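Below: the structure, in structure tokens.
The values are calculated or read from the model by the stated rules, or taken from the named source; none is laboratory data. Note that the structure is a prediction, hence the values are computed from the model and not measured. Methodologically, a virtual Cβ is constructed for each residue, glycine included, from the backbone with ideal geometry; neighbour enumeration extends over all protein chains shown.
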Amino acid sequence: MEVVEITPRGGPLVMSMPHTGTGLPKEIAARLNAKGRELTDTDWWIDRLYDFASAFEATTVKANLSRYVIDLNRNPGGQSLYPGQATTALCPTETFDGEPIYDEGAAPTPDETSRRKAAFFDPYHDALARMIERAKVRHGFVVLYDCHSIRSVVPRLFEGTLPTINIGTNDGKTCAKALEVAAFTACKAQSDFSFVANGRFKGGWITRHYGRPDKGVHAIQVELAQSAYMEERPPWTFDETKAGRLRAVLRSMIGSIMDAADRHLRPAL
């Protein structure tokens, strides 16, 4: 199984999909318990939800392996992005609900974590960095849109029910203000879905690591509540009717972001 699947296109938009994969190397799958094999914390169907990427000439970089193998959106040095709040490790050993995912005594050791980083984390980020640089060279800037979703209710991670659309720019540090405003304004123009900017999810490691507005790289994370497009329980069924409504809002939001990027970021001829 390929670690990363790249679909290169010609526009200045790069869409990262680090958690939609469900692949498991045999030696890891054999050590997961029943809860682990459910892959509960997958960003289910994100590639299907964003099947309109080609309309924006967006390059997509998609992980094929499960986040339970390695979390491609965690700081590889182990530092928490949300100090004081519950989170999971680079190589997760429990679900978002705090339930173990490995058979007793079978969790990865520090040495194994290092091997997984070299085998799985590094290739994904090498690919993503190449695609970011490729778009930047072509256009003078790049918009990195990091695609995520999560169950709408996860008490260990946040109180109550999560807003449907969660825009993260690390409090405005990872992209030009005009892009954040464009995303938020597009959300305000619709009435079907709740939304917030820089609430519980301010942008993970990908957004914070690559987002360098002063270097022409503008990163935005969008975390979606899965209740808006699928069933939030096994077998995690995609709901095309619900997804169609959400997809329309996402298309509008991305269109607004890219229009703002064209106006404010494109170098003058």
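Taken over segment 116-129, the residue count meeting the criterion of being of a type outside the set (Gly, Ala, Ser) and surrounded by fewer than 13 Cβ atoms within 10 Å (Cβ to Cβ) is 1.
Table: residues versus (1) modelled with pLDDT of 95 or more; (2) closer than 22 Å to ALA55 by Cα; (3) more than 15 Å from the chain's Cα centre (by Cα).
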{"position": "MET1", "(1), (2), (3)": "no, no, yes"}
{"position": "THR7", "(1), (2), (3)": "yes, yes, yes"}
{"position": "LEU13", "(1), (2), (3)": "yes, yes, no"}
{"position": "SER16", "(1), (2), (3)": "yes, yes, no"}
{"position": "THR22", "(1), (2), (3)": "yes, no, no"}
{"position": "LYS26", "(1), (2), (3)": "yes, no, yes"}
{"position": "ARG31", "(1), (2), (3)": "yes, no, yes"}
{"position": "GLU38", "(1), (2), (3)": "yes, no, yes"}
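Report yes if ALA248 is more than 19 Å from SER16 (Cα to Cα) and under 17 Å from the mean Cα position of the chain (by Cα), otherwise no. Criteria not met by ALA248. Number of residues in segment 43-54 that are touching a helix residue (DSSP H, G or I) at 6+ places or on another chain (Cβ under 9 Å), assigned to a helix (DSSP H, G or I) and buried (at least 20 other Cβ atoms within 10 Å of the Cβ): the value is 2.
Kindly evaluate ALA89 against the criterion of being among the hydrophobic types (A, V, I, L, M, F, W, C), in a helix (DSSP H, G or I) and either closer than 24 Å to VAL61 by Cβ or without any contact (Cβ under 8 Å) to a residue 24 or more places away in the chain (or both). Here the answer is no, as ALA89 does not meet what is asked.
Let's see how each residue does on (1) among the small types (Gly, Ala, Ser); (2) closer than 23 Å to THR207 by Cα:
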| site | (1), (2) |
| --- | --- |
| PRO108 | no, no |
| ARG115 | no, no |
| ASN166 | no, yes |
| THR169 | no, yes |
| GLY172 | yes, yes |
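Just one of the listed residues (THR113, THR60, THR87, THR40) is polar (S, T, N, Q) and in contact with a helix residue (DSSP H, G or I) (Cβ under 7 Å, 6 or more places away or on another chain), namely THR60.
For segment 78-114, a residue qualifies if it is exposed (fewer than 14 other Cβ atoms within 10 Å of the Cβ) and within 17 Å of LEU24 (Cα to Cα), and the qualifying residues are ASP103, GLU112. Restricting ASN33, ASN64 to residues that are over 29 Å from VAL217 (Cα atoms) and either among the acidic types (Asp, Glu) or touching a residue at least 60 places away in the same chain (Cβ under 8 Å) (or both) narrows the list to ASN33.
Close Cβ contacts (under 9 Å, 6 or more residues apart or on different chains) running from residues in segment 115-140 that are free of Cβ contacts under 8 Å to residues at least 12 places away in the same chain and farther than 27 Å from GLY78 by Cβ to residues that are among the aromatic types (Phe, Trp, Tyr) and surrounded by 15 or more Cβ atoms within 10 Å (Cβ to Cβ) are absent. Restricting attention to segment 173-198, the residues that are surrounded by fewer than 15 Cβ atoms within 10 Å (Cβ to Cβ) and closer than 24 Å to ASP214 by Cα add up to 2. Just a yes or no: is a residue in segment 20-42 within 26 Å of VAL142 (Cα to Cα) and not hydroxyl-bearing (Ser, Thr, Tyr)? Taking every residue of segment 20-42 in turn, at least one turns out to be within 26 Å of VAL142 (Cα to Cα) and not hydroxyl-bearing (Ser, Thr, Tyr).
Looking across segment 163-201, the residues that are out of contact with any helix residue (DSSP H, G or I) (no Cβ under 8 Å at 6 or more places or on another chain) and among the basic types (Lys, Arg) come down to LYS177, LYS188, ARG200.
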